[in-house]
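Everything on this sheet refers to the single structure shown next.
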Amino acid sequence: MTETAFQDCYIQSLIHCYGCGKNNPEGHQLKSYWLDNYEGSKTIAQFTPKPYHTAIPGFVYGGLLASLIDCHGTGSAAAIVHYKNDLAIGSDPSVRFVTAALNINYLAPTPINKQLELIGEFRHIKDNKVIVDITVSANNIMCAKGEVIAVKMSATFL
């Protein structure tokens, strides 16, 4: 993984997200990186659920997985558009993405006490719209697959 997470490069006004914002101490603090330091390829994030993320004893609440897929997808979208335009993530003007659609298939029960690995692969890349396929695995077992359709954040949000 690269040393600096995509989310840690966002401008100050855009780092409050519950899922990935470093200025939200109550949030998940998800961090996304290029997989194997290969920029422009797959992305990775890791997260270990806390006991309060429980659906039933021993297993993760599905909404947590949705939140992680959402934030990893939009972070990955911002990173790939910066990369394709030869810009450093976090450069001015800031390019951020929000979720237009989120589709998730839950494939297997997700254990509460294991580190989750999210892998993102790009299916569609345009400056204003990116589609990222995300898999969530625990113990090398795929627990969920998601599709994030991310669109460029409107300037009115900034």
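The values are calculated or read from the model by the stated rules, or taken from the named source; none is laboratory data. It should be emphasised that the depicted structure is a prediction, and the values quoted were computed from it without experimental measurement. Counting neighbours? That spans all protein chains shown, and the Cβs are built from the backbone with ideal geometry, glycine included.
All of G58, G62, G73 fail the test of being surrounded by 18 or more Cβ atoms within 10 Å (Cβ to Cβ), of a type outside the set (D, E, K, R) and out of contact with any helix residue (DSSP H, G or I) (no Cβ under 9 Å at 6 or more places or on another chain), apart from G73.
If you go through region 89-115 and pick out every residue that is touching a Ser or Thr at 6+ places or on another chain (Cβ under 7 Å) and crowded, with 21+ Cβ neighbours inside 10 Å, you end up with 2. Just so you know, in region 119-155 the residues that are of a type in the set (D, E) and in a strand (DSSP E or B) include one that is surrounded by the fewest Cβ atoms within 10 Å (Cβ to Cβ), and it is E121.
Is at least one residue of region 83-92 of a type in the set (A, V, I, L, M) and at pLDDT 95 or above? No; the residues of region 83-92 include none that is of a type in the set (A, V, I, L, M) and at pLDDT 95 or above.
Among the residues making up region 121-158, those that are touching a Phe, Trp or Tyr at 6+ places or on another chain (Cβ under 8 Å) and over 22 Å from L65 (Cα atoms) are K152, M153.
Please go through region 125-158 and pick out each residue that is of a type in the set (G, A, S), over 13 Å from the mean Cα position of the chain (by Cα) and farther than 24 Å from Q12 by Cα. S137, A138, A144 - these are the residues of region 125-158 that are of a type in the set (G, A, S), over 13 Å from the mean Cα position of the chain (by Cα) and farther than 24 Å from Q12 by Cα. Taking the conditions (1) surrounded by fewer than 18 Cβ atoms within 10 Å (Cβ to Cβ); (2) out of contact with any Leu (no Cβ under 7 Å at 6 or more places or on another chain); (3) modelled with pLDDT of 95 or more in turn, Q46 satisfies each one other than (2). Residues that are among the polar types (S, T, N, Q) and in contact (Cβ under 8 Å) with a residue 60 or more places away in the chain within region 93-109 comprise just one, S94. Taking first residues from region 31-44 that are of a type in the set (A, V, I, L, M, F, W, C) and partners that are assigned to a loop (DSSP other than H, G, I, E, B) and modelled with pLDDT under 95, the Cβ contacts under 6 Å between residues at least 6 apart in sequence or on separate chains come to W34/T2. For Y52, the criteria (1) in contact (Cβ under 8 Å) with a residue 24 or more places away in the chain; (2) surrounded by fewer than 22 Cβ atoms within 10 Å (Cβ to Cβ); (3) not in a loop (DSSP other than H, G, I, E, B) hold in every case but one, which is (1).
Somewhere in region 77-92, is a residue touching a Cys at 6+ places or on another chain (Cβ under 6 Å), touching a residue at least 40 places away in the same chain (Cβ under 8 Å) and either closer than 24 Å to S13 by Cβ or in a loop (DSSP other than H, G, I, E, B) (or both)? Yes, because at least one residue in region 77-92 is touching a Cys at 6+ places or on another chain (Cβ under 6 Å), touching a residue at least 40 places away in the same chain (Cβ under 8 Å) and either closer than 24 Å to S13 by Cβ or in a loop (DSSP other than H, G, I, E, B) (or both).
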